[in-house]
Amino acid sequence: MRATAFSPANIAFIKYWGRLNHKLFLPVSTSSSMNLSGCNATTTVDFDPKYRKDEISIIGADGKEMQVTTEGGEKNVLLFKTLDRIRHLAGINTKALVKSKLNFPLGAGIASSAAGFSAFVAAACVASGRSDIFEDKLELSREIRLAGSPSAARSVLDGFVELLTGRKHSNGYARQIAGEKHWDLVDTVAVLTPEQKKVSSSEGHILAASSPFFIARKKYLKGKDGLVRKAILGKDFKALAELSEADSINMHAIMMTSKPAIYYLSSGSMDIINEVISWRNNEKMDVFFTFDAGPNAHVVSTSKYAPEIKKRLDGNKYVDFTIANKPAKGTSIISGHLFT
Ligand code: DP6
């Protein structure tokens, strides 16, 4: 049986970095994000007795197709393990052919796994006969988290979403804060480098606890998810800007002080940080920055300032290209398959 899912990437305002449980991928804290309209994945999963082994490939917007192999890192291994888990849940043993198409170039350092993992798990559930898991979005988010990408679990619901922390599998699910029409924010992603990440976030989550500031971060995070929820619900840009920027820098402090240290930010990232602070302070623009596990800047503003911000970022000497994103709907099942 075959199914195709479409899913957005997302940008976190309060980030997940470090886990309570590495086997169950339970995040150390609750994280909150907005789905991105301009960065998405379409994934077709086909379970059929004609396949002799599982095959997975990813196609970038540049048309480049990459075969996913278990030698390619932990996230790749997890994709194959997830097929085994879903087969088990569905009580089938047929192998699968999986193709995933991104609407942005492969390896551009844009968080592809949130879009990719959410579309992959959703399509695999439906293709295996477990549409009931897809229909129950809380359960779908748990399955995506368990597949190995907690940030992807936030992509299943529409608009603004949080992923709850918890000590048990049942507690670690995503819930909606507000729909995609709630607030006209724009995240302009400034892609700085086409390089692949030096250290994967999977490794980073394990290293987080080695930072002497990890305990301080955990204390700092107490109640922040509630404040972000309040800022989103009340469309309080100033509060969201302060909370998000502080959280992003706080997370990068953990990265840079873990053992070994991880430096994701580059000269270009620092340049954009300074620019954004100047636009806000000197020109009174509603704008803030946030960085995930990479050098690319997410420059978030209200829609009023977005065209000017995109123009300025496009003209920045460190910027390769930009992608403007509005809040988007979550994962859906679509009728057009990537192969017949
Ligand atoms: C810095 O392991 O869930 O983006 O590497 O995108 O699969 P992927 O993500 P995951 O770690 C997310 C790390 C983060 C913060 C966040 O999105 O919460």
Legend entry - Loop trypsin sites (Lys or Arg not before Pro), the range 120-177, which have at most 15 other Cβ atoms in a 10 Å radius of their Cβ (DSSP): Arg167, Lys168
Inset, instruction - Work out, step by step, the length gained on full extension between Gln67 and Ala246: first 0.36 nm times the residue separation, then minus their alpha carbon distance; give nm to one decimal. - result: 60.6 nm
Legend entry - Long-range HN-HN contacts of Ala297 with modeled amide H, under 5 Å: Ala190, Leu192
Legend entry - Sparse-neighbour loop sites [trypsin sites (Lys or Arg not before Pro); the range 288-333; at most 15 other C-beta within 10 Å; DSSP]: Lys304, Lys317
Inset, instruction - Report ³J(HN,Hα) in whole Hz for each residue of the range 82-97, in order, from the Karplus equation J = 6.51 cos²θ - 1.76 cosθ + 1.60 where θ = phi - 60°; Gly and Pro get x. - result: 5, 4, 4, 5, 5, 4, 4, 4, 8, x, 10, 9, 6, 7, 10, 10
Legend entry - Where trypsin sites (Lys or Arg not before Pro) fall in DSSP loop in the range 186-254, at most 10 other Cβ within 10 Å: Lys222
Inset, instruction - Would you mind checking which residues have amide H under 5 Å from Asn10's amide H? H placed 1.01 Å from N; only 5 or more apart, or other chain. - result: Leu36, Ala115
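Take Lys23, Lys50 and sort them by solvent-accessible surface of the protein heavy atoms, 1.4 Å probe, largest at the top.
Lys23, Lys50
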Legend entry - Length-normalised contact order for the range 1-76 - Cα pairs under 8 Å, 6+ apart - percent: 29 percent
Inset, instruction - Report Rg (one decimal) and Dmax (nearest whole number) for the chain, counting Cα atoms only, units Å. - result: 19.1, 63
Legend entry - 1.4 Å probe accessible area per residue over the chain, in Å²: 42 Å²
Legend entry - Under Karplus coefficients 6.51, -1.76 and 1.60, residue-wise ³J(HN,Hα) of the range 240-251 in Hz, glycine/proline x: 5, 4, 5, 5, 6, 4, 4, 5, 5, 5, 4, 5
Inset, instruction - Using the Karplus curve 6.51 cos²θ - 1.76 cosθ + 1.60 with θ = phi - 60°, work out ³J(HN,Hα) for each residue of the range 65-78 in order, rounded to whole Hz, and write x for Gly and Pro. - result: 10, 10, 7, 8, 10, 5, 6, x, x, 4, 4, 5, 4, 5
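The values are calculated or read from the model by the stated rules, or taken from the named source; none is laboratory data. Not measured: the values here are computed from a predicted model. Ideal geometry is used to build each Cβ from the backbone, glycine not excepted, and the neighbour counts take in all protein chains shown. We work out accessible area using only protein heavy atoms, side chains counted, and drop any ligands, DNA or RNA first. Shrake-Rupley method; radii C 1.70, N 1.55, O 1.52, S 1.80 Å.
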